[in-house]
Each structure stands twice: as C-alpha cells, then as structure tokens.
1. Hey, could you check the range A:84-114 for residues that are at the interface with another protein chain (Cβ under 10 Å from one of its Cβ atoms) and under 16 Å from A:Ser139 (Cβ atoms) and say which is modelled with the lowest pLDDT?
2. What are the residues in the range A:34-58 that are assigned to a loop (DSSP other than H, G, I, E, B) and either open to solvent by less than 60 Å² (accessible area, probe 1.4 Å) or away from ligand 2 (no atom under 14 Å from the Cβ) (or both), if any?
3. Take the residues in the range A:165-220 that are charged (D, E, K, R) and part of a strand (DSSP E or B); name whichever of them is nearest to ligand 2 (Cβ to nearest atom).
4. Quick one: would you say A:Val31 is buried (at least 19 other Cβ atoms within 10 Å of the Cβ), within 20 Å of B:Met213 (Cα to Cα) and either within 16 Å of ligand 1 (Cβ to nearest atom) or free of Cβ contacts under 8 Å to residues at least 24 places away in the same chain (or both)?
5. Going by what's in this entry, would A:Thr189 be described as open to solvent by less than 30 Å² (accessible area, probe 1.4 Å) and within 24 Å of A:Ser8 (Cβ to Cβ)?
6. Could you tell me which of the residues A:Val16, A:Val61 is near ligand 1 (Cβ under 10 Å from one of its atoms) and buried (at least 17 other Cβ atoms within 10 Å of the Cβ)?
7. Among B:Leu228, B:Leu215, which is farther than 19 Å from B:Leu192 by Cβ, modelled with pLDDT of 90 or more, open to solvent by less than 40 Å² (accessible area, probe 1.4 Å) and of a type in the set (A, V, I, L, M)?
8. Would you mind stating whether B:Leu42 is in the same structural domain as B:Asn275 (by TED's automatic domain parsing), at pLDDT below 90 and in contact with a Ser or Thr (Cβ under 9 Å, 6 or more places away or on another chain)?
Amino acid sequence: MIKLKNISKFYQPNVVAVDDISFHIKPGEFVSLVGQSGTGKTTLVKLLIGEERATRGELFVGGWNITKISQSDIPYLRRQIGVIFQDFKLLPKKTLLENVAFALQVCGKPMAKIKKIAPQVMKIVGLENKMNRYPHEVSGGEKQRTAIARSLVYQPKILLADEPTGNLDSINAQEIIDLLLKINSFGTTVVLVTHNRDIVNKLHRRVLTLHEGRLVSDQAVGKYII
Amino acid sequence: MAFLLSLGRIIKFSFQDIIRNIWLSLITVMILILTLLSVNLLLAVRAISGAAVGTVKEKVDINLYLRTTAERDSIMALKARISSLSDVKEVRYVSQDEALSVFKRDHVNDPQIIEALRELDKNPLTPSLVIKPTNTDDFDNLINELNKIDDPIIESRNFEDNKLMLNKINAITQRISDVGFAVSLTFMFITLLVIYNTVRVAIYTHRNEIAIMRLVGASNWFIRGPFLVSSVIYSLVSMLVVIFAFFLFLNLLQPYLETFFTGYSFNIIAYFGGNFWAIFGLELLAASIVNMLASLVAAGKYSHV
Ligand SMILES: Nc1ncnc2c1ncn2[C@@H]1O[C@H](COP(=O)(O)OP(=O)(O)OP(=O)(O)O)[C@@H](O)[C@H]1O
Ligand SMILES: [Mg+2]
C-alpha cells in the first residue's frame with residue numbers, strides 16, 4: 001500500500017530531513033511512526049501526500065509511483081489519502097457538519113451526495129448529536145473526531161495521522177486512538193505519527209522508529225524505544 | 001452537470017470572498033472605474049477632435065480677392081482657368097453684394113460694426129473667388145499653382161489661415177491624445193497592481209480554507225476559480241458604473257458641443273451609443289482578461305500552501 005525505496009529529502013542542500021529510508025506498509029496495517037522532534041516524521045507525511053517532492057528515491061502509494069506524479073494528479077492522490085493533524089484544521093465559522101461537507105463541496109460532489117455522506121461519517125466518529133455545533137463549542141477530542149470524519153468522506157484506503165493526540169488529554173487521546181483502530185478494522189491502512197510512549201506501548205502494533213532522518217528500527221510488535 | 005455545479009460553487013465562493021474583504025473590493029472597483037473612465041474620456045476627446053477637424057476641413061477654402069473694378073468677363077475667365085486646375089474641387093464667385101450680405105449676417109449681433117458699415121456710403125468689400133481644394137489635407141501644390149497665376153484683377157490672396165487652423169487642431173488633439181494615453185496607461189498599471197494585491201490579500205484571508213481545500217484534494221481550478229470569477233465581477237461592476245456615469249457626463253456635454261459645432265451635426269451620445277458594443281464590450285473583455293491574468297499570477301504565486 002505504501003512503499004518507500006531509498007527515499008531522501010533535503011530541504012536545502014544541507015538540511016537533511018529524511019535520509020535514505022526504505023520500508024513497505026501492507027494494506028490494512030496499523031503502523032506507528034515514532035521518533036524525536038525534527039527527525040523527519042512530518043516530512044514523510046508531506047512526501048506521501050505530494051506536498052513535498054523527494055530529493056532521491058522512489059515512493060509508491062497504492063501502486064502509484066508518486067515520485068513522478070504530475071501537479072494535476074495530486075488532488076486525486078489526496079482524495080485517496082485521509083490526513084489529520086495535531087491542530088485539527090477546522091474552519092471556525094462553519095459547523096462541524098459544514099466542515100465535513102466542505103471537503104465534498106470543493107471537490108464538486110453533488111448536494112444530494114453531500115447530504116447523505118456527511119451525516120454518515122459524523123455517525124462513524126460518534127458525533128451525530130453534535131454536528132450542528134461550531135468548533136469552539138466542542139472539546140478538542142471532538143474537533144479531532146470531526147477532522148477524522150472529514151478525512152473519511154472519500155473512503156480513503158490510507159489514513160495518515162500526524163500527532164493527532166498532541167493537543168489532547170489522555171482520555172480524549174485514547175478515544176481518538178480507539179477511533180483510528182476502528183477505522184483500521186474496516187480495512188483502512190493507518191499510519192500514526194506520535195510522541196506518546198503510552199499509546200505506542202499499549203497498541204502492540206508495528207512501530208517504525210526514526211532518528212535524525214534515518215529509519216533505526218522496524219518492529220512488528222513494537223515498543224517506544226527512544 | 002458536474003461542471004455547472006462546480007461553477008455555481010466557485011461563483012458562490014467568489015461572492016463570499018468579495019464580501020469578506022468588502023473595503024478592498026470597493027477600492028479595487030474604484031480604481032477600475034478610474035481606469036475605464038480615463039480610457040473613455042480619451043475616446044471622447046478623439047471623437048470630438050475628429051469632428052472638429054471635419055468641420056474645419058469642410059470650411060477649408062482659399063480666397064482670391066478681386067479688384068472692385070474687375071470686369072465680369074475677366075472674372076469668369078479667371079474662374080474657368082482655376083476650375084481647370086487638377087487640385088480644385090469647386091470655384092465659386094462671390095460678388096461684392098453677396099460678400100456684403102454675408103458679412104452683415106455674420107455680424108448681425110455686433111451693432112457697432114453694422115453702424116460703421118452704414119456710415120460708409122459704399123460697399124467696402126471686394127468680390128472674390130472661393131476655391132475648394134480636392135484634398136483638404138495637402139494643398140501646397142494648389143497654392144503654388146495659384147501663385148503662378150498673375151492676373152491684374154487679383155487684389156490679394158489668402159492662403160494660409162485655414163491650414164494653420166487645421167495644424168493647430170491636429171497638434172492640440174495629438175497633445176491631448178498623448179496625455180490621455182499616458183494617464184490611461186498609468187491607471188492600467190495601477191489597476192494591475194491593485195488587482196494583484198487584492199487577490200493576494202484575499203488568498204491570505206482564505207489561507208485556512210485554501211489549505212484545507214488542498215488537503216482534501218480540491219483541484220487547482222476550484223481553488224483559483226473564485227479569484228478569477230471575482231476579478232470578472234469587479235470588471236463587470238466597474239464597467240456598469242462607468243457606462244452609467246459616462247452617459248450622464250455625455251448628456252451634460254452634448255449641449256456645449258452643439259453650440260460649438262453649429263451647422264455641423266455631431267452627437268457624442270449617438271457616437272458612443274452607436275458603437276456601444278465595440279467600445280464597452282471590448283473594454284469589458286479587455287479589463288476582464290487583464291484582471292484574470294493578474295489574479296492568476298497572484299493566485300499561482302501565493303496559493304501554494
Ligand atoms: N520547509 C522546511 N524548510 C527547511 N527545513 C525544514 C522544513 N520543514 C522541516 N524542516 C527541517 O527538516 C527536519 C525534519 O522536520 P520534520 O517536520 O519532518 O520533523 P518531525 O519529525 O515532524 O518533528 P516534530 O516531531 O517536532 O513534529 C527538521 O530539522 C526541520 O527543521
Ligand atoms: Mg512533525
């Protein structure tokens with residue numbers, strides 16, 4: 001599903017963010033990506049969604065070589081990959097439901113479909129009773145669940161979560177992880193970038209550890225080692 | 001169908017964008033109005049001076065003043081001789097009496113002159129031959145020919161006045177056109193900068209939306225489309241305001257033109273009305289295209305999030 005072959009990313013000639021990384025993530029896996037600050041985790045996410053281009057190496061997503069992806073194909077790539085971030089990225093003047101609907105609107109989906117899909121994904125994340133509230137009227141966990149709902153509207157095969165629990169307390173964080181596990185159980189490949197030792201250790205899933213831009217460990221049932 | 005749906009949404013986003021930055025939108029429209037007004041004023045100046053040149057050309061003629069003692073036969077012989085010149089369109093004989101009545105008519109509002117005339121007991125005017133050249137732009141050749149004719153009945157010749165007048169009008173027109181052109185160009189340049197900046201600010205205000213749009217896979221056209229549509233809306237609104245204001249102005253101007261162009265039918269309103277689409281349609285098209293290009297450049301440069 002995701003395949004990296006000797007991927008390197010230099011921001012400037014002397015800023016090495018990712019250094020010769022190779023790994024393979026199979027469909028339906030749940031993988032945690034851990035490592036200290038500044039070791040290239042977010043850079044990897046950006047490479048996967050075509051926001052940055054690899055300096056060297058080859059990158060495949062769903063059998064699609066995206067090292068050579070054209071600018072006009074990037075929107076289609078992004079509809080196949082859901083992404084969520086630490087800062088939720090919700091629009092404050094739209095209700096939760098409108099935030100989810102926005103993702104469908106801007107890709108030209110007809111109104112009838114939006115009316116069907118948006119409440120459906122809100123139900124999957126358990127927010128069907130709060131979907132008419134505005135972001136400032138709900139908790140951080142609920143905001144993140146809205147962001148997850150939004151990332152699900154195109155039924156992506158891959159969900160990338162870049163420190164989704166970074167702004168949440170441990171209870172809310174656990175709820176988000178449970179939700180990601182639930183989504184994974186439907187068959188979606190999940191890549192979880194995190195700093196949270198407890199979460200990684202409790203997951204008992206595959207763990208990729210980065211250090212200074214290099215892949216230093218890849219354990220099938222991993223622990224947070226750094 | 002999907003295209004129309006997207007277009008509808010793009011237009012909706014565009015209106016939201018205009019309203020969210022309403023002051024900036026107003027300034028943009030204002031500067032567009034100034035630009036379009038200056039272009040149309042330039043056109044008006046050109047039309048009016050064109051008409052002015054036309055009236056003067058109509059009046060371009062060369063006068064040969066004849067001695068009062070000249071015999072009618074020799075006058076007719078001279079007339080025939082001049083008529084046969086290649087550059088002459090028409091020669092008309094104005095008798096002494098005719099000259100006097102024309103003079104009186106021209107000075108009917110000038111009692112002093114009429115009084116002075118009455119005190120003279122004889123007609124002070126001379127008979128003349130009025131010659132119309134075929135080519136009103138260039139009749140140097142004709143003047144040369146006329147200078148060669150040396151008939152004793154010719155008292156004096158008046159060759160240069162009208163030509164001077166024409167040259168003067170042409171010079172003034174050229175001057176106004178040049179200044180107008182420079183002003184219009186300046187306004188166009190300012191418009192480009194303003195539109196560019198407006199789109200930049202609009203992108204900045206919408207940076208969160210744009211970031212999310214990119215993230216969820218909205219196409220480039222969906223992201224940039226609203227800014228393109230906005231610039232067309234700005235152009236359209238300013239064009240409408242300009243058309244309204246400009247015709248109002250023309251209505252005020254027309255009475256003055258009528259007194260200026262007495263005896264020569266020139267209607268500036270009819271001129272702009274008759275060429276409505278050629279003038280305003282083209283201006284709208286040009287403004288829209290230029291503005292779309294400016295906003296495309298701005299969007300291309302600033303919407304990569
Ligand atoms: N746009 C950029 N230009 C230059 N250098 C950058 C850029 N983005 C990231 N970097 C550098 O690349 C390296 C990797 O950054 P990255 O954001 O991938 O780290 P990270 O593992 O996500 O860190 P964190 O855990 O703090 O989020 C860092 O040294 C960072 O300073
Ligand atoms: Mg990061």
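The values are calculated or read from the model by the stated rules, or taken from the named source; none is laboratory data. Nothing here was measured: the structure is a model prediction, and the numbers come from that model. Backbone-built Cβ (ideal geometry, glycine too); neighbour counts: all protein chains shown. Each accessible area value is taken on the protein alone, full model and side chains, heavy atoms only, with ligands, DNA and RNA left out. Shrake-Rupley method; radii C 1.70, N 1.55, O 1.52, S 1.80 Å.
1. Here the residue is A:Pro92.
2. Start the filter on the range A:34-58 by keeping residues that are assigned to a loop (DSSP other than H, G, I, E, B), which leaves A:36-40, A:49-55.
Result: A:Thr39, A:Gly40, A:Ile49, A:Gly50, A:Glu52, A:Arg53, A:Ala54, A:Thr55.
3. The residue in question is A:Arg214.
4. Details: buried (at least 19 other Cβ atoms within 10 Å of the Cβ): yes; within 20 Å of B:Met213 (Cα to Cα): no; either within 16 Å of ligand 1 (Cβ to nearest atom) or free of Cβ contacts under 8 Å to residues at least 24 places away in the same chain (or both): yes.
Spelling it out, it is not the case that A:Val31 is buried (at least 19 other Cβ atoms within 10 Å of the Cβ), within 20 Å of B:Met213 (Cα to Cα) and either within 16 Å of ligand 1 (Cβ to nearest atom) or free of Cβ contacts under 8 Å to residues at least 24 places away in the same chain (or both).
5. So A:Thr189 passes the test.
6. When all the criteria are applied, what remains is A:Val16.
7. Selected residue: B:Leu215, the only one of B:Leu228, B:Leu215 that is farther than 19 Å from B:Leu192 by Cβ, modelled with pLDDT of 90 or more, open to solvent by less than 40 Å² (accessible area, probe 1.4 Å) and of a type in the set (A, V, I, L, M).
8. yes
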